[in-house]
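For reference, the structure is listed below as structure tokens.
The values are calculated or read from the model by the stated rules, or taken from the named source; none is laboratory data. Source: prediction; values computed, not measured. Cβ sites come from the backbone with ideal geometry, for glycine too, and all protein chains shown count toward neighbours.
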């Protein structure tokens, strides 16, 4: 590690690119190698990658994926519900059933992908112990 001229912040010798790591995380793959599965089951992050042995247990995703899922689903479905209701005037039970199924399906699709992205961002930014050489 060397130090920055402007503020004394440490610069890490090897930078991890953010965009490829985020894409690997979206695919639920290891942010390091891109081939090993990151998740063990639906949302549980593996302790290490099964291919490259990169430690993944440092992650602190917590409520971030759930928050982002709610944010995205809400911003997509709310205008769509308004449009469908004002344009087609379906029966309330049809509207509620259709959009309930749609919200649940979209949430189940997005949640593990957003969790993978958040873990990959933490890995790329060397947050929460991902940058330690002794891990």
Exercise. Restricting attention to the range 11-29, does a residue exist that is farther than 12 Å from residue 116 by Cα, modelled with pLDDT of 95 or more and not in a helix (DSSP H, G or I)?
Worked result: no
For this session: Give the number of residues within the range 28-52 that are touching a residue at least 24 places away in the same chain (Cβ under 8 Å) and either buried (at least 16 other Cβ atoms within 10 Å of the Cβ) or under 11 Å from residue 123 (Cβ atoms) (or both).
Result: 8
For this session: Taking the options 112, 55, name whichever one is surrounded by 13 or more Cβ atoms within 10 Å (Cβ to Cβ), touching a strand residue (DSSP E or B) at 6+ places or on another chain (Cβ under 7 Å), closer than 30 Å to residue 31 by Cα and at pLDDT 95 or above.
Result: 112
Seminar exercise, completed: Subset of the range 81-108, residues in a helix (DSSP H, G or I), over 24 Å from the mean Cα position of the chain (by Cα) and surrounded by fewer than 12 Cβ atoms within 10 Å (Cβ to Cβ), comes to 82, 83, 86, 87, 88, 92, 93, 94
